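Undergrad: One structure, as C-alpha cells, below. Some questions next.
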Amino acid sequence: MAVLVTGGTGYIGSHTVVDLLEHNYDVVIVDNYVNSKPEVLNRIFKITGKKPRFYEIDVCNEQGLRTVFEKEKITDVIHFAGLKSVGESTQKPGLYYSNNIGSSLTLLKLMHEFNVKNIVFSSSATVYGVPDHVPLKEDDNIGGCTNPYGETKLDIEYILKYEAEQHKDMNIAILRYFNPIGAHKSGLIGEDPQGIPNNLMPYITQVAVGKRDHLNVFGSDYKTHDGTGVRDYIHVVDLASGHLAALRKLEEKPGLVIYNLGTGTGTSVLDLVNAFEKANNIKVPYVICDRRPGDVDENYADATKAFKEMGWKAKLNIVDACRDSWNWQKNNPKGYDK
Ligand code: WQD
C-alpha cells in the first residue's frame, strides 16, 4: 500500500513526503537529484524519524522505473518530478518537453502495466496563461502559456484528461499551484534553488543572508495597488497538506478532479518585502528595475473549490511564510550544501 512520490526530494516533494510519513503513509521516493540533493533524505529522517524507501532513478527511465513497480506494492502516485525553471525552459524547450512530458507518459504506462489507478499531478497556475481577470477559477480558460515550462504542464493536463476519458477506473487529481513559499517550521528542509534564484522569496532570503547585494524589483508600473506584481503566495506546508487531501479525495470520488491550491489573496512584491522585513526585523535593500518579460500584473486563485470538495484551505499566512523561509535560510546559508 505504498505511495510513490516522484521528485520526492525536491522543495514541494520533500514537504509532502514529511506530511505523508507523519500521517503514517508508506512512502517510496523516486528522484534523480537533477534539482535536489541526497541530504534531503537525512533531513526527512531528522524530522520524522522515518526513512522512506528511495530509488535514484530518472522517471524517464522506463526499465528503471519498472523495477520500482515490480519491487513495491504501489497504490497511489504523486507526480512532482519535472524541470520547472521558466527561464531555462525558454532556452531549452526540447529538454522540457522530452523530460516533463516523457516522464509523465512513462509513469502512466507503468501505472497501467501494474494496475495502479490513483495519481495526483503537480500542475501550475501558469496553465492559465495571461489571465484577463482574477481571482482564477478551475473552469477558467487555460492555454496561451508564456513559456515552454507552462506548456508542458498544460499538455500533461490534457494527457491526464484523455486518460480519465479512456480509463474510467483511473482516479486523477490535478493540483494547480500558485506561488509556493515558506519552509517546514524545523528549518531543516526548504527551497534550495541552484544558481541565481528565479523566484522572489529565495532571492529575498539570499539578500537577507548576505549572499546577494539587493533585490531587483521587476517593474513598478503594473496595474496594481503599488505598481508591483501581485501573486498568490501559498505556504509550502499548506501545499503539502493539499496533496494528502487530494489522495483522500481520490478514494471517495473516481474520475478526474482539478483544484487550485492557493490562498485566494493577492500580495505584491513590495507587500512581501515589507512583510519579510517586519516578520524578521531585517532590511531587504531593493532597486526598482524594468519589468521581466512574460510577467503578468496579477495572478491569484479562487481557492473555494478545494475547500468545498476536499475540505482543504490554506491555514498559514504570508507572515508565517516569511518567518519560516528566513528560518530555513539563516540555518542553511548554503542550502543543502555543507
Ligand atoms: C513573483 C513576482 C516578479 C523575482 C513562477 C512560475 C510559476 C510557478 C511559480 C512553478 C513577480 C517578481 C521575482 C525577483 C521580482 N512555478 N520578482 N524580483 O513568476 O509569479 O511564477 O513561479 O510552477 O510557474 O511562473 O513567480 O517568484 O518568479 O515572481 O520582482 O528577483 O516577483 O516580477 O511579480 P512567478 P516569481
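The values are calculated or read from the model by the stated rules, or taken from the named source; none is laboratory data. Predicted, not measured: the structure shown is a model, and the values here were computed from it. Heads up, the Cβs are rebuilt from the backbone with ideal geometry, glycines too, and the neighbour counts pull from every protein chain shown. Accessible surface is based on the protein model in full, side chains and every heavy atom, while ligands, DNA and RNA are left aside. Shrake-Rupley method; radii C 1.70, N 1.55, O 1.52, S 1.80 Å.
Undergrad: How many residues does region 110-161 hold that are closer than 15 Å to D76 by Cα and either touching a Pro at 6+ places or on another chain (Cβ under 9 Å) or aromatic (F, W, Y) (or both)?
TA: Within region 110-161, residues that are closer than 15 Å to D76 by Cα and either touching a Pro at 6+ places or on another chain (Cβ under 9 Å) or aromatic (F, W, Y) (or both) number 3.
Undergrad: Tell me, please, whether a residue that is within 11 Å of the ligand (Cβ to nearest atom), crowded, with 18+ Cβ neighbours inside 10 Å, over 17 Å from N35 (Cα atoms) and at pLDDT 95 or above can be found in region 62-84.
TA: No - not one qualifying residue is present in region 62-84.
Undergrad: Here is a follow-up. Could you tell me whether any residue of region 139-157 is more than 14 Å from the ligand (Cβ to nearest atom), assigned to a loop (DSSP other than H, G, I, E, B), open to solvent by less than 60 Å² (accessible area, probe 1.4 Å) and charged (D, E, K, R)?
TA: yes
Undergrad: Given V217, V209, which one is more than 8 Å from the ligand (Cβ to nearest atom), among the hydrophobic types (A, V, I, L, M, F, W, C) and surrounded by fewer than 23 Cβ atoms within 10 Å (Cβ to Cβ)?
TA: So the residue among V217, V209 that is more than 8 Å from the ligand (Cβ to nearest atom), among the hydrophobic types (A, V, I, L, M, F, W, C) and surrounded by fewer than 23 Cβ atoms within 10 Å (Cβ to Cβ) is V209.
Undergrad: Can you tell me which of A314, A306 is surrounded by 21 or more Cβ atoms within 10 Å (Cβ to Cβ), touching a Phe, Trp or Tyr at 6+ places or on another chain (Cβ under 6 Å) and closer than 30 Å to G144 by Cβ?
TA: A306
Undergrad: Let me ask you something else. Here are K338, K330: which of them is open to solvent by 80 Å² or more (accessible area, probe 1.4 Å) and assigned to a loop (DSSP other than H, G, I, E, B)?
TA: K338
Undergrad: Quick check: is even one residue across region 177-198 more than 12 Å from the ligand (Cβ to nearest atom), assigned to a strand (DSSP E or B), of a type outside the set (A, V, I, L, M) and within 19 Å of the chain's Cα centre (by Cα)?
TA: No: zero hits.
Undergrad: Restricting to helices (runs of 4 or more DSSP H) lying wholly in region 9-124: which have 3 or more residues that are touching a Lys or Arg at 6+ places or on another chain (Cβ under 8 Å)?
TA: 39-48, 102-113
Undergrad: Moving on to the next point. Of (1) farther than 18 Å from R176 by Cα; (2) open to solvent by less than 70 Å² (accessible area, probe 1.4 Å); (3) out of contact with any Gly (no Cβ under 8 Å at 6 or more places or on another chain), G262 satisfies all except one. Which?
TA: All conditions pass for G262, except number (1).
Undergrad: Name the residues in region 38-52 that are open to solvent by 50 Å² or more (accessible area, probe 1.4 Å) and touching a residue at least 40 places away in the same chain (Cβ under 8 Å), would you?
TA: Correct list: K46 only.
Undergrad: Taking region 227-274 on its own, how many of its residues are small (G, A, S) and either part of a helix (DSSP H, G or I) or on the phi > 0 side of the Ramachandran plot (or both)?
TA: 8
The rows are residues; the columns are (1) more than 30 Å from R43 (Cα to Cα); (2) more than 14 Å from the ligand (Cβ to nearest atom).
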position: E298; (1), (2): yes, no
position: D302; (1), (2): yes, yes
position: N317; (1), (2): no, yes
position: Q329; (1), (2): no, yes
